[in-house]
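A quick write-up on the structure given underneath.
No lab work stands behind these numbers, since they all come straight from the coordinates. Keep in mind that what you see is a predicted model, and the values were worked out from it rather than measured. Note: ideal-geometry Cβ built from the backbone for every residue, glycine included; neighbour counts use all protein chains shown.
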Amino acid sequence: MRLVTYRNDTGDRLGALVGRANVLDLGAAARAVGRDPSSFATMQSLIDSGPAAWTEARELVAAPPAHCLSEVGEIRLLAPLPVPLQIRDFMCFEKHVVQAFGAAFRMRASRAGSEAERQELLAQAEAYRPPEAWYRQPLYYKANRFAVSGPGETIEWPAYSRLMDYECELACVIGLAGRDIDASRARRHIFGYTIFDDFSARDAQAVEMAGGLGPAKGKDFDKANAFGPCIVTADELADPYELEMIVRVNGEERSRGSSAAMHWKFEDMIAHVSRSETLHPGEILGSGTVGDGCGLEHLRFLEDGDEIELEIPPIGVLANRVVRAGSTPS
């Protein structure tokens with residue numbers, strides 16, 4: 001299933017995409033066939049209701065009541081999980097780590113006070129490799145779960161930043177709770193997958209992370225975490241580690257990578273997070289940025305009015321526009 005949260009003239013609804021042009025109102029469909037619609041009130045309620053409700057949803061999608069279908073053009077897609085229970089964002093692509101931190105050294109070199117300092121920073125950029133800790137365990141930070149946006153939303157970058165960036169990520173949504181989950185059985189805890197654009201204020205991030213904590217305001221601003229356009233349930237993806245990850249800015253392809261390059265898999269993340277800690281249905285785990293999947297890696301940042309499209313077949317395309325504070329989106 002390709003599940004969505006959407007808005008129509010009656011409010012926010014839980015739906016499933018049917019074909020290319022239609023969305024099924026799952027709550028209305030359940031009522032139409034005499035079933036209890038309570039599991040289909042929101043995406044979170046469906047996840048919480050467990051496998052029996054997921055099977056029921058599949059049955060509704062397989063035989064959708066015609067009067068419960070709407071055309072996609074008639075509704076507004078929202079973030080699939082408008083307020084996730086938790087967002088943990090990892091850093092699982094080695095190429096991204098090497099290129100992003102190398103680029104950060106090059107940025108510092110451009111502001112160096114002397115030629116000797118500049119050359120030293122450039123040498124560090126060329127020599128950079130991830131720290132040993134990165135190879136020992138998956139590393140992550142917790143994002144602001146209230147700063148979420150969905151497909152088609154305009155992202156206003158924070159007034160304190162001059163360097164706005166996108167980040168192309170794959171994310172999984174937890175479906176079943178668990179604690180001390182072994183990696184060998186972690187896949188069964190995944191409800192589905194979606195696209196994640198981790199918008200970043202790079203200049204703010206650089207300042208705060210030099211202090212040994214963070215990121216904080218480099219990531220935490222309204223609508224910074226974009227998800228969508230749907231959640232593809234885990235049963236629909238035979239292998240989540242063979243997905244193309246494509247970035248376009250204003251229609252121009254900027255990069256193309258693959259989830260096959262993930263050093264740490266979602267199973268590793270689940271096993272790590274759940275050590276002596278319960279993982280809950282509705283939590284989101286981000287893969288981190290695919291190699292070449294952000295502007296920082298090539299020191300090519302966003303400009304006012306840019307439209308970013310992240311595509312991961314078969315999930316779809318997540319498109320957002322960024323504008324400076326006070327400007328009007330075109």
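Note on residue 36/residue 210: beta-carbon distance plugged into 1/(1 + (r/R0)^6) with R0 of 41 Å gives a FRET efficiency of 0.15. Dipole check for the chain: with +1 at the C-beta of Lys and Arg, -1 at the C-beta of Asp and Glu, and the Cα centre as origin, the magnitude is about 400 Debye. Note: relative contact order over the chain, using C-alpha pairs below 8 Å and six or more positions apart, is 23 percent. Bridgeable aspartates and glutamates around residue 219 (alpha carbons under 12 Å apart, same-chain partners fewer than 8 residues away excluded): 89, 165, 167, 197, 198, 203, 208. Please give the helix 94-110 orientation as an angle from the longest Cα principal axis of the chain, in degrees from 0 to 90, rounded to the nearest 10. Taking Cα atoms only, the helix is inclined about 40 degrees. The gain in end-to-end length when the residue 303 to residue 253 segment is fully stretched comes to 16.4 nm, 0.36 nm per residue minus the alpha carbon separation. Modelled spin-label separation between residue 176 and residue 276, with each label point placed 7 Å from Cα along the Cα-to-Cβ direction: 2.6 nm.
What the Cβ-Cβ distance of residue 183 and residue 110 gives, at R0 = 35 Å and to the nearest 0.05, is a FRET efficiency of 0.25.
Divide by every residue of the chain the summed helix terms, -39500 (n - 2.57) for each DSSP H run of at least 4, and state the resulting mean residue ellipticity at 222 nm, rounded to the nearest 500 deg cm²/dmol.
Values: 8 runs with 77 residues, N = 330.
Rounded to the nearest 500, the figure is -7000 deg cm²/dmol.
Tell me, in nm to one decimal, what length is gained between residue 48 and residue 154 on full extension, where the rule is 0.36 nm per residue of separation less the Cα-Cα distance?
Values: separation 106, 0.36 × 106 = 38.16 nm, distance 3.00 nm.
Taking 0.36 nm per residue and subtracting the Cα distance, the gain is 35.2 nm.
Relative to the longest principal axis of the Cα atoms of the chain, the long axis of helix 115-127 lies at roughly 40 degrees.
Could you tell me how many degrees, from 0 to 90 and to the nearest 10, lie between the Cα long axis of helix 51-62 and the main elongation axis, the longest principal axis, of the Cα atoms of the chain? That works out to roughly 70 degrees. The spacing between the range 15-51 and the range 273-309, judged by their C-alpha centroids, is 28 Å. FRET efficiency for the pair residue 135 and residue 222, taken as 1/(1 + (r/R0)^6) with r the Cβ-Cβ distance and R0 = 30 Å, rounds to 0.30.
Quick check: residue separation of residue 12 and residue 126 times 0.36 nm, minus the Cα distance between them. What number comes out in nm?
Values: separation 114, 0.36 × 114 = 41.04 nm, distance 4.96 nm.
Gain on extension, residue 12 to residue 126, equals 36.1 nm.
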